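Have a look at the structure below, then the notes.
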Amino acid sequence: MDIARTPATPDGNPEMADAAPAPAAPPEIYRKDYRPFAWAVPATHLDFALGLEETEVTAKIEVARNPAAAPDPVLRLNGDGLELVSLAVDGAPFDGHAMDGNDLLITLPGNQHRVTIVTRVKPAENSQLMGLYASNGMLCTQCEAEGFRRITFFPDRPDVLSTYTVRMKGPKDRFPVLLSNGDRVRAGEDGATHWAEWHDPWPKPSYLFALVAGDLVALEDRFTTMTGRDVSLAIWVRADDLPRTRHAMEALKKAMRWDEEVFGREYDLGVFNIVAVGDFNMGAMENKGLNIFNTKYVLADPETATDGDYDGIEGVIAHEYFHNWSGNRVTCRDWFQLSLKEGFTVLRDQLFSQDMNSPAVKRIEDVRVLRSVQFPEDSGPLAHPIRPESFREISNFYTPTVYNKGAEVIRMMRTLAGPERFRAGTDLYFARHDGEAATCEDFVAAMEEGAGLDLARFRRWYSQAGTPRVRVEFAVADGRARLDLSQETPATPGQPVKEPVPIPLAVALHDRERNALGEERLIVLDEASASFDLGPAPQRPALSLNRGFSAPIAVEREVDPEELAYLARHDDDPFARYEAMQDLVVAHLLARAMGGEDAAGEDAIAEAFASVLGDPGIDDLMRGELMLLPGIAYLMEQVLLADPGALFTAREGLKAALGRRLSQPLASLHARASDVPFAMDASAKGARKVKSLALTLIAAADPARAAEMAATQYDGADNMTDRQGALMVLTGLPGAERTARLLDFYTRFRTNALVIDKWFSLQASSLHPQVLAHVRALADHPDFTLKNPNRVRALYMAFAGTPQGFHAPSGEGYRLIADLILALDPLNAQTAARFVPMLGRWRRIEPARAALMRGQLERIAAAPRLSRDTYEQVTRSLS
Ligand code: B3K
Ligand code: ZN
């Protein structure tokens, strides 16, 4: 069977792409087709002769028939764009191999062999940033999901676990530091060349392999584990960046301790290395003992990183560290099980960040991300279950659904079981599957047994896509409060009919008359509909529902605005309080977007805002959450066919109204917050948060005054949070302050790539009416390059989030993103494909814009030689 994979773009092999006939659709791979691999690979020896232009890789792999699989004399080794130099079996040259597409097939006579493969790769030409590539003069790797096959021929699938020994040699001056997984066991030098050998005692799949060679320095530290073992920690960066590594190191040590205390997980090697790389497709990667990070999630100091950056670093450092157990010690059987490690690890990092910071605020932030990114995915053409049934390109399934909804699904198990029983479930899971490649089903089964839950129906959360909608009727009869609930999950591609899922709902019934807060209880809706008796009804009840966002659902309920206003002001559950505020604003903005006035709604919101601004019972971090208006993505999700322009105008209108009506309290909040000296504690961070939020509302009402205040805030800033907050406001306002501060920002930080990314982002996401023209000009800026994913995202992702730019009625915003996808696809398919979903939203947008979006998708689809990544996303978006 010859698999006609679309030549995955020229990356280093232009001849191949040119010679290929019109590419057939890349094959679809199904979960149901999983078969264990016929061969086991007990040991893998890799030998690298390192060079930026060219690296030669000698792989010696020991293979043995896998007794658990159907016998097959053919050893199938995956490859991708490799130059095969030589092949030997059991020490003798071997030329009886065959190629099947990119795969190398070797027919082996016996039960056990040693296969030696020499390949050559060109790291400096590797713009896909998968496999071995060069970044800023150093060499590094990214292998998840299928990058290892770009280094050597190998069974590149997560269920083939092997013990790795890695030897590498290269010029001392260029690559003074040589790192790989596990421990360094030997090293030596030979004139201008030196070498090192690393050994990782833990069997692992190829996607966890890593190698780094470069001119790096480290911040070093130590950690003593719960059983008293000593671990050396190091964070490797370029020399200039060393002063910005402290926060990451503190985060690492906190994460290590927390995982021991909360999940009983201890680190299992003598070394833990982290390397920061400037060119990276995503946030970071959990390679065993050698995490590789995007510099964005390592480097911070107050001058160059915002409070949000600090939180992001803490969360991602923890996330990758937690993978050492949820992902590495217990890995995935196949890529359909991705949520097994990702959903679980996201939950673990969320719980960690909740414990390290404000749990209330962290929970609200996580729900905000879920609803603005995952809900739209779940209601669009790319909807898929957290455990997908098929894919063409696995890179397209590192999604908010697999990650964030996956985390919510496991969080629901925790809610159902309670923290102690949940821990018993995870203990059983880790004990039972340690050293294995497991499935989501294994996790659920361990949770059933260990936590004592019946999850028979709950498994539907793994197989069904779509966000369940829960219809809520609240009634009082004979003095008792009754809740009538019914659920429905809308059809999604390939899944026209849905079954009910168990939905745990934390509820409380408050008494508005006596201002008495009711006790929280957990009810579970596990049928299509059910009624619940909530006990004696108060005279004027307020129903607090889905507290803490106990289930990832959309609630449908007609609520009286006064009840919402009560909840927004008094609910003891911070999420419910936030939610009441959001509901109040959403109802008003939808009315406004449809041309209504809704003066009563505006009054209610202004009143609720006023009480939030002056409420001494909440801290500023929480105050900031309550001041945040729902974002455009979330608003668009609330209607069947969205008019982004009208929603944008309504939202800006409300901001202006609030800025006008609350101009006094907002100004004094800004003044009070401006007096708080810089510190990294919650109260100073909160002050910075409300300061810039107040400024955005003032800017909507009184641009001239805001420009002055923002300029003052900018000029006096002693930290990036204040500086960026001020510049964000200024970039939206035409005028001299804007130009001067943008220039100042650029000049001040021109040598710091991460800050220059902010400079691009701020302009690309601004409220300025000329944002489209600005983005076009920025694409020609000498500091812009398509080769660096951070820079690409800084400019174009930021832009794709702007309703007035991306959704400009002319369609020019859509064209700009489509042009980007086409230009980027041959260079970096993974990053290019990430932009397709924005255009894929067309079915949920008003007809005129929808046609323009669709037109751009069709233009992309018609382009020759699309990558598998972009091909899959575009065809799914059009179907
Ligand atoms: N596991 C990696 C993601 C790899 C993405 C490959 N396209 C980072 C993480 O989720 O921790
Ligand atoms: Zn992860």
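The values are calculated or read from the model by the stated rules, or taken from the named source; none is laboratory data. Being a predicted model, the structure only gives us computed values, none of them experimental. Cβ: placed from backbone, ideal geometry, glycine included. Neighbour counts: every protein chain shown. When the accessible area is computed, the model is the full protein with side chains, heavy atoms only, and any ligands, DNA or RNA have been set aside. Shrake-Rupley method; radii C 1.70, N 1.55, O 1.52, S 1.80 Å.
Can you send over the carbon and sulfur percentage of the accessible area for the range 581-700, probe radius 1.4 Å, protein chains only? Please list the in-between numbers first.
Numbers: 2630 of 4490 Å².
C and S fraction of accessible area: 59 percent.
In the frame of its principal axes, the range 40-215 has Cα extents of 48, 32, 30 Å, reported largest first. Protection proxy ranking for 235-244, 83-92, using the average of other Cβ atoms within 10 Å per residue and placing the highest first: 235-244, 83-92. Bridges between two residues of the chain, per DSSP, are antiparallel at a rate of about 80%.
When the convex hull of the Cα atoms of the range 331-463 is projected onto a plane and the area is averaged over all directions, what value comes out in nm²? Numbers along the way, then the final one.
Numbers: hull surface 32.7 nm².
Taking the Cα atoms of the range 331-463, their convex hull projects to 8.2 nm² on average.
Count charges around Arg257 for me, please; just the other residues with Cβ under 12 Å from its Cβ, Lys/Arg as +1, Asp/Glu as -1.
Working: positive: Lys253, Lys254, Arg265; negative: Glu250, Asp259, Glu260, Glu261, Glu266, Asp355.
Spelling it out: positives minus negatives among the neighbours equals -3.
Legend: residues Asp783, Asp718, sorted from most to least accessible area (1.4 Å probe; ligands, DNA and RNA excluded), read Asp718, Asp783. Compute the distribution of all C-alpha to C-alpha distances in the range 693-834, in bins of 10 Å from 0, and list the percent of pairs in each, rounded to whole numbers. The percentages, shortest bin first, are 12, 41, 33, 13, 1. Tally up the carbon and sulfur contribution to the accessible surface of the range 469-558 as a whole percent, 1.4 Å probe, everything protein left in place. Roughly 46 percent of what the probe reaches on the range 469-558 is carbon or sulfur. Percentage of Cα-Cα pair distances in the range 57-100 greater than 13 Å, rounded to whole percent? The share of Cα pairs beyond 13 Å in the range 57-100 comes to 67 percent.
Using a cut-off of 29 Å between Cα atoms, the listed pairs Lys60/Lys122; Lys254/Lys787; Lys254/Lys362 include Lys254/Lys787 as exceeding that distance. Each residue, Asp240 and Ser683, gets one label point 7 Å from its Cα in the Cβ direction; the gap between the two is 3.8 nm. If one takes the longest principal axis of the Cα atoms in the chain, at what angle in degrees, from 0 to 90 and to the nearest 10, does the Cα axis of helix 338-356 lie? Helix 338-356 sits at roughly 50 degrees to that axis.
So how many Å³ per residue does the convex hull of the Cα atoms of the range 469-558 work out to?
On the way: hull volume 8.2 nm³, N = 90.
Spread over its residues, the Cα hull of the range 469-558 gives 91 Å³ apiece.
Dipole orientation for the chain: of the candidates Pro803, Met447, Val271, Pro803 has the Cα lying most toward the positive pole (charges on Cβ; Lys, Arg +1; Asp, Glu -1).
When only the Cβ of Lys, Arg, Asp and Glu is charged (+1, +1, -1, -1), the dipole of the chain relative to its Cα centre reaches about 660 debye.
By the scheme Lys and Arg +1, Asp and Glu -1, what is the net charge of all other residues having a beta-carbon under 11 Å from that of Phe154? Local charge sum for Phe154: 0. Each of Ile235, Leu382, Asn357 was placed along the dipole of the chain (beta-carbon charges, centred on the mean Cα), and the one lying farthest toward the positive end is Leu382. Could you list the GluC sites (Glu not before Pro) in the range 291-361 that lie in coil according to DSSP, counting only those with at most 15 other Cβ atoms within 10 Å of their Cβ? Hits after loop and neighbour filter: Glu303. Dividing the convex hull volume of the alpha carbon atoms of the range 320-373 by its residue count gives 74 Å³ per residue. Note the direction-averaged projected area, equal to a quarter of the hull surface, for the Cα convex hull of the chain, in nm². For the chain, averaging the hull's shadow over all directions gives 35.8 nm². Close amide-amide hydrogen proximity is noted between Ser550 and Ala506, each under 5 Å apart and 5 or more residues distant or on a separate chain (H modeled in the peptide plane; Pro and chain starts excluded). Could you tell me which of Gly137, Tyr207, Ala187 has its Cα farthest along the dipole of the range 40-215 towards the positive end, charges placed at Cβ (Lys, Arg +1; Asp, Glu -1), taken about the Cα centre? After comparing all options, I get Ala187.
If only the Cβ of Lys and Arg carry +1 and only the Cβ of Asp and Glu carry -1, the dipole of the range 670-824 around its Cα centre is close to 280 debye. Tell me, what is the percent relative contact order of the chain, built from C-alpha pairs under 8 Å that lie six or more residues apart? This gives 9 percent for the chain.
Which order do Asp478, Asp190 take by accessible area at a 1.4 Å probe, largest first?
On the way: Asp478 155, Asp190 115 Å².
Sorted descending by solvent-accessible area, the residues read Asp478, Asp190.
With every protein chain present, what is the per residue accessible area of the chain (1.4 Å probe, Å²)? All intermediate terms of the calculation are to be shown ahead of the outcome.
Numbers: 32550 Å² over 879 residues.
Heavy-atom SASA per residue in the chain reads 37 Å².
The share of accessible area on the range 40-215 that comes from carbon and sulfur is 48 percent, using a 1.4 angstrom probe.
Assign unit charges at the C-beta atoms only (+1 for Lys and Arg, -1 for Asp and Glu), then state the dipole size of the range 10-163 relative to its Cα centre in Debye, rounded to the nearest 20. Let's see the in-between values first.
Working: 12 positive and 22 negative charges, 116 e Å.
Roughly 560 debye for the range 10-163.
Accessible area per residue (1.4 Å probe, heavy atoms of protein chains only) ranks Tyr310, Tyr814 as Tyr310, Tyr814, with the largest value leading.
By the rule of a C-alpha distance below 30 Å, with chain neighbours fewer than 8 residues away ignored, the lysines paired with Lys498 are Lys32, Lys341, Lys405.
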